[in-house]
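The values are calculated or read from the model by the stated rules, or taken from the named source; none is laboratory data. Fair warning: this is a prediction, and the values are worked out from it, not measured in the lab. We place every Cβ from the backbone using ideal geometry, glycine too, and count neighbours over all the protein chains shown.
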Amino acid sequence: MGAYEETFRKSLEDPEGFWAEAARDIDWHKEWDAVLDRSKPPLYRWFSGGEMNTCYNAVDRHVENGRGDQTAIIHDSPVTGTVRKITYRELQEQVATFAGALRGQGINRGDTVIIYMPMIPEAAVAMLACARLGAVHSVVFGGFAAHELAIRIDHARPKAIIIASGAIEGKKTLAYKPLVDDAISQSDHQPEKCIVFQRDFVTAELQAGRDLSWTDIVREAEPVDCVPVKATDPLYILYTSGTTGMPKGVMRDNGGHAVALKWSMKNIYNVNPGDVYWAASDVGWVVGHSYIVYAPLLHGCTTIIYEGKPIGTPDAGAFWRVINQHKVKVLFTAPTAFRAIKKEDPHGQLRKQYDLSDFQTLFLAGERLDPDTYHWAGRLLQVPVIDHWWQTETAWAIVANPMGIEEFPVKAGSPTKPVPGYDVRVLDHAGKEVGPGVEGNIVVKLPLPPGTLATLWRNDDRFVSSYMKTFPGYYETSDGGYIDEDGYVYVMGRMDDVINIAGHRLSTGAMEEVIATHQDVAECAVFGTDDEVKGQKPIGLIVLKAGVARDEQEIKNELVQMVRHQIGPIACYRETAVVKRLPKTRSGKILRGTMRSIAAGKEYRMPSTIDDPTILDEITRDLKTLGYPE
Ligand code: COA
Ligand code: AMP
């Protein structure tokens, strides 16, 4: 039996034994009573009764164990032209003092805090300081508009919101404070404090009474120790797009999360403490939570916080420069980044300027890795290119090539095999398991391994109905795909209304909710179509209300602005077609899948439930006017 098979089998046959062993790599204040509490399925709790602190495990214990002088964080910021290094000892001082400052503002164990910050070390310091106190953070990605931030403020009900005065996004300087003020004015819940980290290129105006300067409160603060919390206590809430405008607040616990993430660093990524590990993503996404902040620090690595883009900061050689300058061993990013680089520098000329001899492996995730990009990246970098599949919900990989256990030959188009802990199956719509090569719903047999979502924040019912109801006994991933005869999993795409734009997860349902509020729109449908660089992009079809005689282009421009203003620029909503009717089933369900196929120029089967098949000819004509299929 190979190393993978042995590990995988053990993880499924004896999950308690397997994860109890992995948990020895985490320092506990109090050992757990039960490795896995199975008393309330489908709600499972890992390490119940155990007590620990995630910040202690990510920071303090490394200082105590002799890593104090090792660099913990490298802030590489081509947009501000700076590189800053922070050792584990300095990180401990900064986190402990900022935690003291938060406590001084009345923030304690169990309180929620929203963090809205760009890619600066202070974002990680704020997250770790919350973890230190047992407060629950919720980081919101900077590309979301005020309205989206307001939705999260109302749901998370934070006592405080921690922000930076602004960011540099590519070549634009963005002021965050006006947007945050707008969000707070839109929300019913009012955070008591807004703590602002002022950056030197944009100064935020502070509102007396509510707003505080980060530097001022830190100056007056005393460092505080880590507060032991229950393993099952929440570490963070991360909102992610579902099928409606109300995002899902994924709740992550402390103990299981620390155990799984620490385990993943060696077993999946094959890195060791002391190695330089770089996830080129954003702290606002799950990749940023897991692989910029928590996992590399739990493992004693050096992590890079990169404030730049793969192209344009200053050029398509930016990634090679960072790998070379900081001796990066593993890079993790989204395929979009490589497609963007390939478009700018198709022959990889810029790569030749850098010695990348320390570089060991490229990991890609966040969206489907198309075989072209896979082959291009491999030829360019001459290192293994490893696709792995996971979701905000899981926090770490469900399917991967486990480089630290056993390296499998790659099959382009497949993220390889289920990771130990995940019992991955493919079911048909009736819930029956299908054979090799047959496409269906990818599910994971319960219980899920540690680290995966414990529930949805303050909404166990939505947790159960979203993930556990369609296929009782399984977690529904909402991705479709198949497993081949060698056990390789192929992930073909979402089965719901979630799309992936540049590796960012967005909801077409949320865009529809915005568009539907336009005064001239009677009905609308938004669906995703292919995009050469960003993987997918949204297209909207609208039916105008009877009697509307306005210029259609004007209406379309207004819709672009509405989505931008209410969801954010990252929705990349730009294209709308005005149609007479939308194709629907007899029961009134809009046939988005069929429209997706028409726009992509793919063959489709006429849905047997369609109300009026002639509409599809009209839609085909209307999409042609937009240039689809391309
Ligand atoms: N704050 C504010 N605005 C942001 C933002 C942020 N953090 N991130 C993106 N935006 C804005 C952009 O400025 C852009 O606005 P515009 O319409 O005014 O130009 C819009 O949102 C779309 O951004 P993006 O999709 O990033 O497109 P881009 O053209 O600026 O860059 C890529 C294209 C491919 C370079 C970029 O998408 C990229 O680096 N992708 C890698 C993806 C990644 O790391 N994903 C994380 C998951 S692992
Ligand atoms: P997010 O929650 O933002 O991480 O997005 C999760 C979704 O991204 C998954 O449900 C998939 O649809 C998609 N995804 C992530 N990684 C991959 C991958 N390696 N291959 C195919 N799809 C992926």
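Numerical summary
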read-out	value
Hits in the stretch 608-630 - residues which are under 20 Å from Asp530 (Cβ atoms) and hydroxyl-bearing (Ser, Thr, Tyr)	Thr620, Thr625, Tyr628
Of residues in the stretch 382-436 being outside any loop (DSSP other than H, G, I, E, B) and among the hydrophobic types (A, V, I, L, M, F, W, C), the one surrounded by the fewest Cβ atoms within 10 Å (Cβ to Cβ)	Leu427
Residue ID - farthest from Lys343 (Cα to Cα), chosen from residues in the stretch 500-533 that are in a loop (DSSP other than H, G, I, E, B) and within 16 Å of ligand 1 (Cβ to nearest atom)	Gly503
Candidate set from the stretch 36-79 (those that are more than 25 Å from the chain's Cα centre (by Cα) and in a loop (DSSP other than H, G, I, E, B)); member that is surrounded by the fewest Cβ atoms within 10 Å (Cβ to Cβ)	Asp69
First in the stretch 94-118 and of a type in the set (Asp, Glu), second anywhere and modelled with pLDDT of 95 or more and assigned to a helix (DSSP H, G or I), Cβ under 9 Å, 6 or more apart	Asp111/Leu102; Asp111/Cys130; Asp111/Leu133
Subset of the stretch 338-369 that is more than 20 Å from Val276 (Cα to Cα), over 21 Å from the mean Cα position of the chain (by Cα) and part of a loop (DSSP other than H, G, I, E, B) - its residue that is nearest to ligand 1 (Cβ to nearest atom)	Asp345
Only one of Arg9, Arg84, Arg109, Arg103 that is in a loop (DSSP other than H, G, I, E, B) and either charged (D, E, K, R) or out of contact with any Gly (no Cβ under 8 Å at 6 or more places or on another chain) (or both)	Arg109
Selection count where residues are within 16 Å of ligand 1 (Cβ to nearest atom) and modelled with pLDDT of 95 or more, scope the stretch 483-498	1
Residues satisfying the stated conditions in the stretch 429-478, i.e. among the aromatic types (Phe, Trp, Tyr) and more than 18 Å from Arg505 (Cβ to Cβ)	Phe471, Tyr474
The stretch 273-318 - residue that is free of Cβ contacts under 8 Å to residues at least 60 places away in the same chain and either closer than 22 Å to Asn53 by Cα or in contact with a Lys or Arg (Cβ under 6 Å, 6 or more places away or on another chain) (or both) and, of those, surrounded by the fewest Cβ atoms within 10 Å (Cβ to Cβ)	Asp275
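Residue-wise test of (1) of a type in the set (Ser, Thr, Tyr); (2) over 21 Å from the mean Cα position of the chain (by Cα); (3) modelled with pLDDT under 95.
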position	(1), (2), (3)
Leu456	no, no, no
Phe463	no, no, no
Gly503	no, no, yes
Met511	no, no, no
Val514	no, yes, no
Asp531	no, no, yes
Lys534	no, no, no
Lys537	no, no, no
Gln561	no, yes, no
